1. Report the GluC sites (Glu not before Pro) located in the range B:185-242 that are in a DSSP loop and have at most 15 other Cβ atoms inside 10 Å of their Cβ, or state none.
2. Starting with the fewest neighbours, write out B:F48, A:F168 ranked by other beta-carbon atoms found within 10 Å of each beta-carbon.
3. Any idea what the relative contact order of the range A:128-223 is, in percent, if you count C-alpha pairs under 8 Å spaced at least 6 apart?
4. So what's the gap between the Cα centers of the range A:48-84 and the range A:148-162, to the nearest angstrom?
5. Just from the alpha-carbon atoms, what are the Rg and Dmax of the protein assembly as shown in angstroms?
6. So what is the diffusion coefficient of chain A in µm² per second by Stokes-Einstein at 37 °C and 0.692 mPa s, using a Kirkwood Rh over Cα pairs?
7. Going down the list B:K17/B:K99; B:K131/B:K199; A:K106/A:K193; B:K99/B:K144; A:K136/B:K254; B:K17/B:K254, which pairs span over 19 Å between their C-alpha atoms?
8. Report the net charge of residues surrounding A:A46, where surrounding means a beta-carbon distance below 13 angstrom and charges are Lys +1, Arg +1, Asp -1, Glu -1.
Amino acid sequence: MTEHTVTAYDQELTAVAGRIAEMGGLAETLITDSVTALMTQDLELAHRSIAQDARLDELLLDIEMRNVNIIARRQPMGQDLREIMATGRIANDLERVGDLAKNVAKRVIAMDSGVKSKTLAIGLEHMVELTQAQLKAVLDAYTRRNAEEARLVRERDSEVDAIYTSLFRELLTYMMEDPRHITQCAHLLFCAKNIERIGDHATNIAENVYYMVTGDRLTDERPKVDETGAEGGLDR
Amino acid sequence: MTQMPGTIKAAKMTDTKISARNVQVYYGDTHAIKDVNIEIGSRAVTAFIGPSGCGKSTFLRCLNRMNDTIDICRVEGNIDLDGEDIYDSRVDPVQLRAKVGMVFQKPNPFPKSIYDNIAYGPRIHGLVRKKAELDEIVASSLQKAGLWNEVKDRLDGPGTGLSGGQQQRLCIARAIAVSPEVILMDEPCSALDPIATAKVEELIDELRENFTIVIVTHSMQQAARVSQRTAFFHMGNLVEIGDTQDIFTNPVDKRTQDYITGRFG
């Protein structure tokens, strides 16, 4: 992209982009750490993950303040305006991803342990891997300003939803088999829901990246595979 | 994701008031306007933007044949106003300019009273027979220009005694007095402070109910604020014209994009 005649304007936009990248990295780490804490029953790591989330909140406020400043002082137009609007929303999504990951860590503490049965964890682990890949792909699409990559991330979200649906059924089966599993499984169900929501935020980010790059919105409805609730998921 | 609820539907182009086809302008050997084709909608504000020397003012001045007054200037192609060729030999440029009024960059009131500034046009065009009619035109023009309350007690005072912003609105009132259909504005606010600019912009927004307005401006923010359609000129070419909303959020041409975002080298 050609540079602005006013160099400081470029620096201000770059500073915002840098902070989005930092938020993205932090959110990824937070997911990894809280899920590891869950799988390895590592309470100390769970506590550390919870503490990390504060930095994400801080960065969100910082990005919002910078964007307000740019709007007030530079009156951004065209692609710059779209970038400002998109980064504001992406920062919001990343902050929410942090909250959801933090919630998984909090559950580790609430359960006073992580997952005790490996069988229960396998489905969840797979779902986390896929969601992590989604988040990474969309952050790459943002950095590279690649609309097509963003569109693909959005399409793949149905895979996360599908795993969530099957995991939901699996956990229900375990609970029915042995009532002693209910507490564990209920917590895991919430964890799975959190991970699924993280996938949704990756989708939101993808839509904003697409808009930022092209100026158009992705409008075609995606098929909903989440059948655990009445209409496309319980708590929408 | 469905369409955002806040999405504003693109402004529909109104009926064509002015239609220009294959317009070329030469200053001596210099080819200043290159094959411009444009439709200007009636009762709407069309803004011309572009870097200095891009031809936007030159093209604006073609619309009421102001370029006729420059000896070395030659205009080719067709410009129709309501379907009539304004460069037809039977068209009287003076009559044309009554229909297509103009407001300039620097307020240029006549060295006469406020009253006479407004009354001048109606008098020379023979629009009135009685003093009462003239009084009526002066009052209504000043009202439409949002200046009446500020000057009604000093109509005999000199027009040049007003502030810059008031002088510019006086010039707009003077243009309105001869009941034009189109008002051309060549950077009408570049000599005004922000408050006076806001008043003129508010006036432009009101005037578009009854007039077709074409405004040349160096301020992209002003174009974004006042116009429904925006045309971007560059090096004598009309690069892009579209709904103002689209031009400033998602322009098609790379040159437009670079210009509106401040990336022009």
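Values in this text are rule-based calculations from the coordinates and carry no lab data. Because the structure is predicted, anything quoted here is derived from the model rather than measured. A quick note on method: Cβ atoms are made from the backbone with ideal geometry, for glycine too, and the neighbour counts reach across all protein chains shown.
1. Passing sites in the range B:185-242 are B:E209.
2. Ranked by crowding around the Cβ, least crowded first: A:F168, B:F48.
3. Details: 87 pairs, mean separation 40.6, N = 96.
So the answer I get is 42 percent.
4. 26
5. Cα only, the protein assembly as shown: 31.7, 103 Å (Rg, Dmax).
6. Details: Rh = 18.7 Å.
Estimated diffusion coefficient is 176 µm²/s.
7. In this structure, B:K131/B:K199; A:K136/B:K254; B:K17/B:K254 exceed 19 Å between Cα atoms.
8. Details: positive: A:R48, A:K102, A:K106, A:R107; negative: A:D33, A:D42, A:E44, A:D53, A:D112.
Residues near A:A46 contribute -1 overall.
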